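Before any comments, here is the structure.
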Amino acid sequence: MSKLILSTESVADLPKDMIEKYNIQIIPMHVIMGEKAYLESEITVEDIFEYHRQTKKTPTTTAKNAQEYQNFFTQIRKDYPDSIIIHIGYTSRASGSFQSALIAAKEFENLYLIDTLNVTGGLAAIVMHAGKLLEENPHINHIELIEKIESVIPKTKLAFVPDTLDFLKAGGRLGNMAFIGGSLLKIKPCIEIKEGKLASTRKYREQMSNVAEKLIQDFLKQYNINRECIHLIYSIGLEKSIMQAIESIANKAGFKNITWIEAGPTISTHAGPGCFGVAGIEF
């Protein structure tokens, strides 16, 4: 029986222990600083923020091209010759990367692509769910596994709040008027994934310590998240005391497993330092 191999992009921000546990194959995305493009695997989030501090400029990101995906899938097939590859990709509606993967996939047999319509913790939740399904049933048919993965896509929810609007504006995710108004009023928008696109769904006007607690409380009121697991996302700069308060709320809400996910270079380029987010899969 062919071995099933799961793959995804680095913007899933999967914890290293989960990558190793489920043998997830990762294709690193690009971050551009100045005139040079770096792979996420070549830089750190600290590099991103240090570049911003020194230059007052924000790095940008760019989609992967078809050749890069072709090289990626070729390497997987070389490492696992008789495998069936299931690539769990990040939203096609926020990047051209998934389209590039589709083009590359035409050259391969036994390669299946899934558009999760999600990113960072939302994408991670789906990939980890897939890994757990495969761990529990190593002999599962690939068609059945794909169906089970696709069934949770509309149930997977993600929301986050940036501590600063500077990075969202620089990345083209926020217009000038919204940036000016938000900055003057000290507004922190709640950003959610809606049908694969980032959308501002509510606004907060308090310190991050209060905003983070309100975000997870509102999230849990709005969505009936499966208490088996919740994913908490943060970018470097979020205070430890806030993280402790959030984890306490998650524990009191009855979650069996709490996974902290650190935003990587690509996500941090858009969300900035001190960001907090939450993701989970509904019943």
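The values are calculated or read from the model by the stated rules, or taken from the named source; none is laboratory data. Every value quoted in this text rests on a predicted model; they were computed, and no experiment measured them. Glycine gets a Cβ as well: all are built from the backbone with ideal geometry, and neighbour counts include every protein chain shown.
What is the residue count in the stretch 195-224 for residues that are of a type in the set (A, V, I, L, M) and over 16 Å from residue 276 (Cβ atoms)?
Counting residues in the stretch 195-224 that are of a type in the set (A, V, I, L, M) and over 16 Å from residue 276 (Cβ atoms) gives 1.
Just for the stretch 222-251: of the residues that are of a type in the set (S, T, N, Q) and over 14 Å from residue 280 (Cα atoms), which one is surrounded by the most Cβ atoms within 10 Å (Cβ to Cβ)?
235
Listed here are the residues, each with its yes/no results for (1) over 23 Å from residue 11 (Cβ atoms); (2) at pLDDT 95 or above.
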position	(1), (2)
111	no, yes
114	no, yes
130	no, yes
154	no, yes
164	no, no
182	yes, no
187	yes, no
207	yes, no
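Does at least one position in the stretch 252-269 carry a residue that is acidic (Asp, Glu), surrounded by fewer than 18 Cβ atoms within 10 Å (Cβ to Cβ), touching an Asp or Glu at 6+ places or on another chain (Cβ under 9 Å) and not in a helix (DSSP H, G or I)?
Quick first cut of the stretch 252-269, residues acidic (Asp, Glu) only: 262.
Among the residues that remain, those that are also surrounded by fewer than 18 Cβ atoms within 10 Å (Cβ to Cβ) are: 262.
Then keep just the ones that are touching an Asp or Glu at 6+ places or on another chain (Cβ under 9 Å); that gives 262.
Add one more test, that the residue is not in a helix (DSSP H, G or I), and what stays is 262.
Looking for residues that are acidic (Asp, Glu), surrounded by fewer than 18 Cβ atoms within 10 Å (Cβ to Cβ), touching an Asp or Glu at 6+ places or on another chain (Cβ under 9 Å) and not in a helix (DSSP H, G or I), one finds at least one in the stretch 252-269, hence yes.
Mind checking which residues of the stretch 205-227 are touching a residue at least 40 places away in the same chain (Cβ under 8 Å) and part of a loop (DSSP other than H, G, I, E, B)?
Scanning the stretch 205-227 gives 223, 224, 226.
Residues of the stretch 18-28 being under 16 Å from the mean Cα position of the chain (by Cα) and either assigned to a helix (DSSP H, G or I) or not β-branched (Val, Ile, Thr) (or both), which ones?
18, 19, 25, 28
Is it the case that the stretch 34-43 has a residue that's in contact with a helix residue (DSSP H, G or I) (Cβ under 7 Å, 6 or more places away or on another chain), outside the structural domain of residue 118 (by TED's automatic domain parsing) and among the β-branched types (Val, Ile, Thr)?
Yes: the stretch 34-43 contains one or more residues that are in contact with a helix residue (DSSP H, G or I) (Cβ under 7 Å, 6 or more places away or on another chain), outside the structural domain of residue 118 (by TED's automatic domain parsing) and among the β-branched types (Val, Ile, Thr).
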